[in-house]
Amino acid sequence: MMRLPWFRYVAPRTIEEAARVLAGEGPGAMLIAGGTDLVPNMKRRQQTPQVLVSLSRVEGMRACADGAGLVLGGGMTLSEVLAAPGVAEPAYRALWQAAAQIATAQIRNMATIGGNLCLDTRCLYYNQNHEWRKAIDFCMKRDGTTCWVATASKRCVAQSATDCAPALLALGARVQLESATAMRELPLADLYRNDGIDYLTRQRDEILARVVVPDAKGWRSTYWKLRRRGSFDFPVLGVAAAARVAPDGTVEEARVALGAVSSMPFLTRAGEFLAGRKLTDDVITEAARIVAGRAKPMDNTDFDVYWRKEVVSEFTRYALQEIRGDDMQAVRVRIARRML
């Protein structure tokens, strides 16, 4: 049985108090919300914080507001996000689909939107128990000096594992980070950096308090996920697409984001290509080629790395066909069955 290491547990009532504890305790403190990723990591000794600062009692962290867009508290569970007004509508459907495909219903009842956006990066050589990692020598993400995926690499290439981030990137979301003394708002894209270890720009004493999604009237969005199993698994590819389409079918504005093919989720240039064009088969094929050209997966999952890159164009094509209005449910079912 893998047991948790010893730690001290603190449950502040406000964001300011939580941020002060984080700042005072330094590198030995970590935030915990649902704990669905952190606790297993602690059991495997991937993360061994001396102090856990809980957000479960922080006022306002689970608040939700809709109107001209969405404002989601960082402490909202994924189940609460799924049930939030407007999230299941076509405009925000990418977020609904992303959250609905994370793990199981029981985990979604605990896991939070803020936690998923800040989810630790993953790798075959890192996400193993302590004894396994010790036997082959530790990697640079924890206690070692070598990246076993790319031994010549000077940085960790563990992959981003968040589902909600690509969906929210496609929706043009922003995040609000609060510390004990200040609040700053930044585009979600600016929360990430392409480094498997230092993958967030969030400061140590900052807390992801809210996710702000702009008004998406007239938009359609979707999210397509590839994973080893048909459920309860992390992504090895995530494709999110969102577009505002004129009545004549011309794309007025679009965004296409990728996840799980890098150490960070990111927007591609396909949105710029799609603007001003209609979603014909030829246009969709070219957009899929542009997206696939940005995908640089590494050999850090149990899927063949070359196949993972090839399938990017297929999933992008599916996403854009769904944006066009094609009925893609049969394709989703077929993919899910193949993963069983």
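If one takes the longest principal axis of the Cα atoms in the chain, at what angle in degrees, from 0 to 90 and to the nearest 10, does the Cα axis of helix 281-294 lie? The answer is roughly 30 degrees. Charge tally around Arg193: other residues with Cβ under 12 Å, Lys/Arg +1 each, Asp/Glu -1 each, net -1.
Bridging of Lys278 to aspartates and glutamates at a Cα separation below 16 Å is possible for Asp248, Glu252, Glu253, Glu286, Glu322, Asp326, once same-chain residues fewer than 8 apart are set aside.
Cβ under 12 Å from Glu272's Cβ, Glu272 left aside: what net charge do those residues give with Lys, Arg +1 and Asp, Glu -1?
Details: positive: Arg255, Arg269, Arg277; negative: Glu253.
That sum, taken over residues with Cβ under 12 Å, equals +2.
Taking every C-alpha pair closer than 8 Å and separated by at least 6 residues, the mean separation divided by the residue count of the chain gives a relative contact order of 16 percent.
How high is the FRET efficiency between Gln50 and Thr280 when r is their beta carbon distance and R₀ equals 45 Å, given to the nearest 0.05? Walk me through the numbers before you get to the answer.
Numbers: r = 58 Å, r/R0 = 1.28.
For Gln50 and Thr280, the calculated efficiency is 0.20.
Using Cα-Cα distances under 8 Å and only pairs 6 or more residues apart, what relative contact order does the stretch 1-59 have, in percent? Don't jump to the answer; show the numbers that get you there.
Values: 86 pairs, mean separation 32.1, N = 59.
Computed over the stretch 1-59, the figure is 54 percent.
Taken one residue at a time, the phi angles of the stretch 77-91 give Karplus couplings (6.51, -1.76, 1.60, θ = phi - 60°) of 6, 4, 5, 5, 4, 4, 8, 5, x, x, 5, 7, 5, x, 5 Hz. Gly and Pro are set to x.
Separation of the stretch 39-69 from the stretch 220-259 is 26 Å, based on Cα centroids. Of the chymotrypsin sites (Phe, Trp or Tyr not before Pro) found in the stretch 163-251, the ones in coil according to DSSP and having at most 14 other Cβ atoms within 10 Å of their Cβ are Phe232. Taking the number of Cβ atoms within 10 Å of each Cβ as an exposure proxy, the fewest-first ranking of Glu59, Glu25 is Glu59, Glu25. Under the convention that each Lys and Arg Cβ holds +1 and each Asp and Glu Cβ holds -1, the size of the dipole of the chain around its Cα centre is about 800 debye.
Taking the Cβ-Cβ separation of Thr146 and Ala246 as r and a Förster radius of 56 Å, what is the calculated FRET efficiency to the nearest 0.05? All intermediate terms of the calculation are to be shown ahead of the outcome.
Numbers: r = 52 Å, r/R0 = 0.94.
Step by step, r from the Cβ atoms, then E = 0.60.
Relative to the longest principal axis of the Cα atoms of the chain, the long axis of helix 305-324 lies at roughly 60 degrees.
Report the Cα centroid-to-centroid distance between the stretch 298-316 and the stretch 111-128 in angstrom, as an integer. The stretch 298-316 and the stretch 111-128 have Cα centres separated by 19 Å.
With all pairs of different alpha carbon atoms counted, what Kirkwood hydrodynamic radius in Å does the stretch 1-59 show?
Numbers: mean 1/r = 0.0857 Å⁻¹.
Taking every pair of different Cα atoms in the stretch 1-59, averaging 1/r and inverting gives 11.7 Å.
Does a label point 7 Å from the Cα of Ile107, set along Cα-to-beta-carbon, have any residues of the stretch 1-44 with amide nitrogen under 12 Å, and which are they? In the stretch 1-44, the label zone of Ile107 (backbone N under 12 Å from the point 7 Å along Cα→Cβ) covers 35-41.
Taking the mean number of other Cβ atoms within 10 Å as a proxy for protection, how do you rank 278-290, 200-212 from highest to lowest?
Values: 278-290: 16.8, 200-212: 20.2.
Taking the mean over residues of other Cβ atoms within 10 Å, the ranking is 200-212, 278-290.
Is the C-alpha gyration tensor of the chain telling us rounded, prolate or oblate? Criteria: a/c under 1.5 is rounded; beyond that, a/b larger than b/c is prolate, otherwise oblate. Let's see the in-between values first.
Working: a/c = 1.90, a/b = 1.30, b/c = 1.47.
It comes out oblate by the Cα gyration axes.
Throughout, read-outs are computed from the coordinates displayed, never taken from laboratory work. Predicted model, so just to flag it, every value in this text is computed and none were measured. For neighbour counting, all protein chains shown are included, and Cβ atoms are generated from backbone atoms with ideal geometry for every residue, glycine included.
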